[in-house]
Amino acid sequence: MLEADEKTGLTTITGLDLGTNIGVYYHVRTSKSFFTIKAEVPKENPRLKTLIDIHPGALFHELECADLMGAIFEGNELNGHFILSENWPNGIYPLRKDIDLSQVKLVPTPEHETNKSAEGREVKIIIGPQHPALLEPEKFSVTVDGETVTKVEPRIGYVHRGIEKSAESHTYLQNTYLVERVCGICNPCHAYTFVATVEKILKLEVPERARYLRVIALELNRLHSHLLVFGHAGLEIGYEAVFQYFWRDREPIMDLIELTSGNRVFGSLMTVGGIRRDINQEHIPKIKAVINDLQSKLPFYRKIYTDEPTLRLRMKDVGILSREDALKLSVVGPIARASGVDIDVRKDRPYEVYNEIPFKEIVYTDGDTWARMNVRMDELEESLNILDYALDHMPAGPIRIEAPRTVPIGEAVSTIEAPRGELLYYVRSNGTDIPERVKIRTPTLANIPSFLKTAIGESIADVPSNFVSLDPCFSCTDR
Amino acid sequence: MVNTKTWARVKSPWVLHFNSGACNGCDIEILALLTPKYDVERFGIKLEPSPRHADVLLATGCVTHQCAERLKRVYDQMPQPKFVVAIGACACSGSVFEGNYNVVGGVDKIVPVAAYIPGCPPRPEAIIDGVIKLLSVISTPKKESPVQAHRAEPAIAEVKQNGKQ
């Protein structure tokens, strides 16, 4: 199948506790469809064959499933921990149902790591967990020979809060707010994907106006997220003026988010059955004014990111990811589109009203940091057009329908195009008002392997600009 | 001399930001403070990357087990006198993540906290207000200012003891 359709990719692997068995569900996307391959292995001996030899993109997903659910992937054995703390006791898998986690006692252990590695010439440089270039705690051990990077070892999990487990003890209503707090940047995406998945199990039809309002919320989020990364990228390469410009112009978008949702960051707009707040008709001219203002500034921004000599020097031909590698590693979002892989969930599997709204799918073929930023720049324009269209064509009517508190037995998967790429939620219900399993696959987890590949052989000075072009979000990655 | 030191500290506090398991919401708001709309540099506040140069630690997040040790280490590396500001509901109490298997709880379980700024996330104005309040406390000439009185033995010792049992 991998050969038949070159765009076939593994989105994630969900581990499930099915009582006596462990369920291992492979969520696979092709150019046209999305489906799940289900496997079950006995709990006493949960062994499976690894996929990394035929599809390297499975690496992180297998490790995560092994760490949290205890499945063993032969050929890709977990050494130590992947996402859990290093001092977490072996043999205790938090996502299994039969484990009493309140009994687990952890002893804080100091980290032992020296900057020198064994082989003479090479030196290990440790970036993180507290580092000026990283807003979030995460550790990357970069081995360099002279100035050339020879190896990058990531250690993720510093922001692992156990949200997937926590969701299994909260009601669907509470979970809408809980999953929103997976990430402080793309929070409407998380809330939306969760409610959309629950609506699939409930077979609810959401009113047309709510669907438009949801698209408006998601696109406003994309705008602020992209403006954020443009500024952040400037900061990472030491170009602070760019940071100040973009963040200055991000504030009007934050004001719009506040205007439409009532809060700058966590709008809590999404709810099962619709949306919680309507847009006031009097506010539409205000929103349009901000959109027009941003549109008039776009040529200037575009000039910065396409032609500005400093940025070109730091970004052009840095971190080149070839199309073949992008497909093999199953990268998503702007990173895939910058390498010539035309995947965009909004086009491939349209949700809400994206099939009614005209917009272009942005694809670049350069595959470098410069292309990744320019994909986002073009998406900024498309987002503004989508917002404009949605505000004009939004029908009148109710904004939500009443949804039952309990959800019948069933399971569903939803994927959306978050600012950083494809976001997946898998929800399994057991007939009560509390879900049995909520699986979250965030885009950054799928994109980090591409950085591990592209950083090799490049200068250590290019690591920040290469890395920030992934628009990494570790609170999403670790959950 | 003491007065000069206090004067310098209050006029230009250098702050260090440490994320101990936050969702980015608070962290982005802290970064937004530096941008033209809020611009805290007008109060002399400077974001400083090294703990050894910092006066104030802006701690966010619900302290995960991986970060607990590091948070303590960052705090220990800061020179005296030092103040911790817990920003956001998570840093204040653990918020919605309280009781999760990988979460220790509020920042005050690991390091002594001088000021709490609640909110999910707090608005930039609220963060400015909190930091200014802290500065006014630092500048009070009293020997036993509320901030000093609040210093307690960090709770990480308890965590260690529990682990040994």
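Against the 2.2 N^0.38 Å scaling, with N counting residues, where does segment B:53-144 land? I'd like the Cα-based Rg ratio to two decimal places. All intermediate terms of the calculation are to be shown ahead of the outcome.
Values: Rg = 13.4 Å, N = 92, 2.2 N^0.38 = 12.3 Å.
Segment B:53-144 yields a ratio of 1.09.
Step by step: find N for the protein assembly as shown, compute 2.2 N^0.38 Å, then divide the Cα radius of gyration by it. What's the final number? Kindly include the intermediate steps, with their values, before the conclusion.
Values: Rg = 24.0 Å, N = 644, 2.2 N^0.38 = 25.7 Å.
This ratio for the protein assembly as shown stands at 0.93.
Calculate I(q)/I(0) for segment B:1-111 by the Debye formula, one identical point scatterer on each C-alpha and no solvent, and give its log10 at q = 0.10, 0.14, 0.16 Å⁻¹ to two decimals.
-0.30, -0.57, -0.72
Convex hull over the Cα atoms of segment A:24-67, averaged projected area in nm²? Walk me through the numbers on the way to the answer.
Numbers: hull surface 14.1 nm².
For segment A:24-67, the mean projected area of the Cα convex hull comes to 3.5 nm².
So if I place +1 on the C-beta of Lys and Arg and -1 on the C-beta of Asp and Glu, and nothing else carries charge, what would the dipole magnitude of segment A:9-100 be about its Cα centre? I want it in debye, nearest 20. Could you put the intermediate results ahead of the total?
Details: 8 positive and 12 negative charges, 95 e Å.
Result for segment A:9-100 is approximately 460 debye, rounded to the nearest 20.
Hand me the GluC sites (Glu not before Pro) from segment A:204-282 located in a DSSP loop with no more than 15 other Cβ atoms within 10 Å, in residue order please. Mind showing how you got there, number by number?
On the way: sites: A:E205, A:E208, A:E219, A:E236, A:E240, A:E258, A:E282; in loops: A:E205.
For GluC sites (Glu not before Pro) across segment A:204-282 that sit outside H, G, I, E and B with at most 15 neighbouring Cβ atoms in 10 Å, the list reads A:E205.
Given the C-alpha centroids of segment B:63-78 and segment A:74-89, what is the distance between them in whole angstrom?
Going from one Cα centre to the other spans 22 Å.
Principal axes first, then extents: for the Cα atoms of segment A:201-340, list largest minus smallest coordinate on each axis, whole Å, largest first.
Taking max minus min along each principal axis of the Cα atoms, segment A:201-340 gives 48, 37, 22 Å.
Rounded to the nearest 500, what is chain A's calculated 222 nm mean residue ellipticity when only DSSP H runs of at least 4 contribute -39500 (n - 2.57) each, over all residues?
So the helix-based figure for chain A works out to -12000 deg cm²/dmol.
Restricting to the protein assembly as shown, compute how many DSSP beta bridges are antiparallel as a %, nearest 5. Write down the numbers at each step before the final one.
Working: 51 of 69 bridges.
In the protein assembly as shown, approximately 75 percent of DSSP beta bridges are antiparallel ones.
Among the listed pairs B:K72/B:K133; A:K32/A:K453; A:K32/A:K347; B:K5/B:K82; A:K328/A:K453; A:K139/A:K165, give every one whose C-alpha distance is greater than 19 Å.
B:K72/B:K133; A:K32/A:K453; A:K139/A:K165
Any lysines with Cα under 24 Å of the A:K297 Cα? List them, leaving off those in the same chain fewer than 8 positions away.
A:K286, A:K288, A:K316, A:K360, B:K37
With unit charges on the beta carbons (Lys and Arg positive, Asp and Glu negative) and the dipole taken about the Cα centre of chain A, which residue among A:T150, A:V24, A:Y239 sits farthest to the positive side?
Toward the positive end, the furthest listed residue is A:V24.
Near A:K43, which aspartates and glutamates are there with a Cα under 14 Å away, not counting those fewer than 8 places off in the same chain?
Of all the aspartates and glutamates, those that pass the test against A:K43 - Cα under 14 Å, at least 8 places apart if same chain - are A:D17, A:D98.
Please get the size of the charge dipole for chain A, origin at its Cα centre, with Cβ charges of +1 on Lys and Arg and -1 on Asp and Glu, quoted in debye to the nearest 20.
About 740 debye.
Taking only the C-alpha atoms, wrap a convex hull around segment A:9-100 and report its volume per residue in Å³ as a whole number. Each step should come with its number before you reach the end.
Numbers: hull volume 8.5 nm³, N = 92.
Per-residue hull volume (Cα only) is 93 Å³.
Coordinate-derived values only; no laboratory data. Small disclaimer: the values here were computed from a predicted structure and weren't measured. Backbone-built Cβ (ideal geometry, glycine too); neighbour counts: all protein chains shown.
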